[in-house]
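J.: Questions regarding the structure given below will be posed in turn.
The values are calculated or read from the model by the stated rules, or taken from the named source; none is laboratory data. Note that the structure is a prediction, hence the values are computed from the model and not measured. Cβ placement follows ideal geometry from the backbone for every residue including glycine, while neighbour counts extend to all protein chains displayed.
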């Protein structure tokens, strides 16, 4: 009987170890995988939004230069660039004011 009880205890301890290892993987690795996907999607979205905003600002600059005609010739040629810069800064400020910190 001693041999069978030793085998049973070994099987039970193996089950306990397997359960603990499975629980540790579930509580550590799966949340990290989810956080990695969250960061990846956020980074891709940030890249595409940044590219889009650069294109919008370049379009605004081109529109200002075309619509102004000869109004900003000579010493005033910097004005469309300054207006575009201010527009970009306002977009950044509004964006940063709307960001809310969330937990993963």
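J.: Taking residue 62 and the conditions (1) part of a helix (DSSP H, G or I); (2) farther than 28 Å from residue 92 by Cα, which numbered condition does it fall short on, given that it satisfies the others?
T.: (2) is the only condition that residue 62 fails.
J.: Within the bounds of the stretch 58-75, is there any residue that is within 26 Å of the chain's Cα centre (by Cα) and under 30 Å from residue 101 (Cα atoms)?
T.: no
J.: Something else now. Out of (1) surrounded by 10 or more Cβ atoms within 10 Å (Cβ to Cβ); (2) out of contact with any helix residue (DSSP H, G or I) (no Cβ under 9 Å at 6 or more places or on another chain); (3) modelled with pLDDT of 85 or more, what's the single condition that is false for residue 66?
T.: Condition not satisfied by residue 66: (1).
J.: I would also like to ask the following. Can we say residue 52 is loosely packed, with under 11 Cβ neighbours inside 10 Å, modelled with pLDDT under 95 and not in a loop (DSSP other than H, G, I, E, B)?
T.: Values: loosely packed, with under 11 Cβ neighbours inside 10 Å: yes; modelled with pLDDT under 95: no; not in a loop (DSSP other than H, G, I, E, B): yes.
So residue 52 fails the test.
A quick yes/no check of all residues on (1) surrounded by 11 or more Cβ atoms within 10 Å (Cβ to Cβ); (2) in contact with a helix residue (DSSP H, G or I) (Cβ under 7 Å, 6 or more places away or on another chain); (3) assigned to a loop (DSSP other than H, G, I, E, B):
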residue	(1), (2), (3)
15	no, no, no
18	no, no, no
26	no, no, no
31	yes, no, no
37	no, no, no
42	no, no, no
58	yes, no, no
72	yes, yes, yes
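J.: Looking only at the stretch 74-104, which residues are free of Cβ contacts under 8 Å to residues at least 60 places away in the same chain and assigned to a loop (DSSP other than H, G, I, E, B)?
T.: Residues of the stretch 74-104 that are free of Cβ contacts under 8 Å to residues at least 60 places away in the same chain, as a first pass: 74-103.
Those that are free of Cβ contacts under 8 Å to residues at least 60 places away in the same chain and assigned to a loop (DSSP other than H, G, I, E, B): 77, 78, 99, 100, 101, 102, 103.
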